[in-house]
Amino acid sequence: MAKATSDIRVRDIRLTLTGRAGGLSQCSPADPCPSASPSAAGGQTMQTRAIPSTCEALPTVGLGTYRAFDAAPGDPLHRPLPAVLGELFNKGGTVIDSSPMYGRAEETVGGLLSIHEPRSPAFLATKVWTRGREEGIAQMERSLHLLRTDCIDLMQIHNLLDWQTHLPTLRDWKARGRIRYIGITHYAPSAHDEVEAVLKAEQVDFLQINYALDDRAVEKRILPLCRERGVAVICNRPFGGGALLERLRGRPLPGWASQVQVTSWPQLLLKFLLAHPAVTCVIPGTGNPRSMADNAGAGFGLTLTDAQRQQLIALVG
């Protein structure tokens with residue numbers, strides 16, 4: 001594979017931003033990282049959370065690319081996507097999550113980052129989603145090519161598919177600097193028992209899991225286990241697949257919303273998740289720049305109190 005061009009060598013930019021040129025610092029769950037700090041971008045600040053395995057700061061609101069980024073140049077759905085990335089970066093966000101199962105999403109992200117000015121600060125996350133060692137390697141090589149980079153920040157075993165086979169490969173790639181972090185993912189509550197078993201048996205850096213105001217099953221065992229094991233948590237399906245927003249459409253925000261710098265239901269639903277101490281980042285998906293800017297607003301302002309969280313839980317039943 002040809003080396004990535006300098007304008008998309010996002011890893012080099014992050015070395016400057018986070019001071020990691022001398023290597024990543026290490027910390028254990030018993031010696032926790034700072035819980036939050038500002039991430040400056042475009043004259044604004046977004047809160048960050050520390051990745052437990054390294055203490056590297058990660059902005060709390062990122063971008064999911066399912067469906068919205070499955071669009072080719074020239075497609076009307078592709079036209080707003082450069083502005084979506086622009087809003088993410090301008091607000092201080094960096095995490096972009098993709099997958100080989102998302103159609104053209106990896107290719108679209110790679111293409112847009114290659115022309116982004118100034119150089120992108122993206123934290124690139126994607127997945128391996130196939131069976132077999134050689135098939136997994138081939139798929140990850142293709143992801144590197146499509147994303148136009150020589151190092152992917154986070155490689156995740158998608159839906160735990162053939163995880164026993166892929167995990168040794170991911171560890172080898174991490175040791176060789178081809179990926180920086182290892183993760184596992186799932187989106188279905190029915191898989192939580194298996195997720196829990198893997199987290200107990202293996203050490204990984206990240207878990208990406210379904211969590212929403214109306215889908216709180218992970219609060220019982222999964223999130224406390226991640227805190228105990230020092231695993232960063234990325235929340236997918238943060239709006240409950242979209243049905244939750246439909247239920248709340250047209251309803252007034254709680255009277256205290258302005259006190260926590262919230263102006264919309266999407267922001268409030270994301271803040272609900274970010275108020276949990278185990279959560280590192282949320283990745284709502286969108287192909288709309290205005291929605292991206294609105295979602296990013298959840299990374300600003302005060303954290304919800306326990307009383308405010310309980311009020312929202314009572315609101316959805």
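The table that follows gives values for the structure above.
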{"read-out": "Close pairs from segment 132-151: first free of Cβ contacts under 8 Å to residues at least 40 places away in the same chain and within 17 Å of I96 (Cα to Cα), partner among the hydroxyl-bearing types (S, T, Y) and open to solvent by less than 100 Å² (accessible area, probe 1.4 Å), Cβ under 9 Å, at least 6 apart", "value": "M140/T126; M140/T169"}
{"read-out": "Neighbours by Cβ (under 9 Å, 6+ apart or cross-chain): first from segment 182-197, under 16 Å from I234 (Cα atoms); second among the small types (G, A, S) and open to solvent by 20 Å² or more (accessible area, probe 1.4 Å)", "value": "P189/A217; H192/A217"}
{"read-out": "Filter result for D162 (among the charged types (D, E, K, R) and surrounded by 15 or more Cβ atoms within 10 Å (Cβ to Cβ))", "value": "yes"}
{"read-out": "Any hit, segment 194-213, residues being open to solvent by less than 10 Å² (accessible area, probe 1.4 Å), in a helix (DSSP H, G or I) and in contact with a Lys or Arg (Cβ under 7 Å, 6 or more places away or on another chain)", "value": "yes"}
{"read-out": "Check on R180, more than 17 Å from Y66 (Cβ to Cβ), open to solvent by 40 Å² or more (accessible area, probe 1.4 Å) and among the charged types (D, E, K, R)", "value": "no"}
{"read-out": "Positions within segment 183-193 being surrounded by fewer than 19 Cβ atoms within 10 Å (Cβ to Cβ) and in contact with an Asp or Glu (Cβ under 9 Å, 6 or more places away or on another chain), in sequence order", "value": "P189"}
{"read-out": "Options A138, A68; residue that is in a helix (DSSP H, G or I), open to solvent by 10 Å² or more (accessible area, probe 1.4 Å), hydrophobic (A, V, I, L, M, F, W, C) and at pLDDT 95 or above", "value": "A138"}
{"read-out": "Unmet criterion (only one of (1) outside any strand (DSSP E or B); (2) buried (at least 23 other Cβ atoms within 10 Å of the Cβ); (3) touching a residue at least 60 places away in the same chain (Cβ under 8 Å)) for I234", "value": "(1)"}
{"read-out": "Residue within segment 121-128 that is over 19 Å from A71 (Cβ atoms), modelled with pLDDT of 95 or more, assigned to a helix (DSSP H, G or I) and not charged (D, E, K, R) present", "value": "no"}
{"read-out": "Of all residues in segment 118-137 being under 20 Å from the mean Cα position of the chain (by Cα) and of a type in the set (G, A, S), the one that is nearest to T185 (Cα to Cα)", "value": "A125"}
{"read-out": "Number of the exception - L77 against (1) open to solvent by 10 Å² or more (accessible area, probe 1.4 Å); (2) touching a Ser or Thr at 6+ places or on another chain (Cβ under 8 Å); (3) in a loop (DSSP other than H, G, I, E, B); (4) of a type outside the set (K, R)", "value": "(2)"}
{"read-out": "Whichever residue in segment 214-227 is closer than 28 Å to L124 by Cβ and part of a helix (DSSP H, G or I) and, among such residues, is most open to solvent (accessible area, probe 1.4 Å)", "value": "R227"}
{"read-out": "Qualifying positions in segment 90-105 - open to solvent by 10 Å² or more (accessible area, probe 1.4 Å) and under 17 Å from G62 (Cβ atoms)", "value": "N90, K91, T94, Y102"}
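The values are calculated or read from the model by the stated rules, or taken from the named source; none is laboratory data. Here the structure is a predicted model, which means the values were calculated and not measured. With ideal geometry, Cβ positions are generated from the backbone for all residues, glycine too; neighbour counts draw on all protein chains shown. Remember, those area values only see protein heavy atoms, side chains included, never the ligands or the DNA or RNA. Shrake-Rupley method; radii C 1.70, N 1.55, O 1.52, S 1.80 Å.
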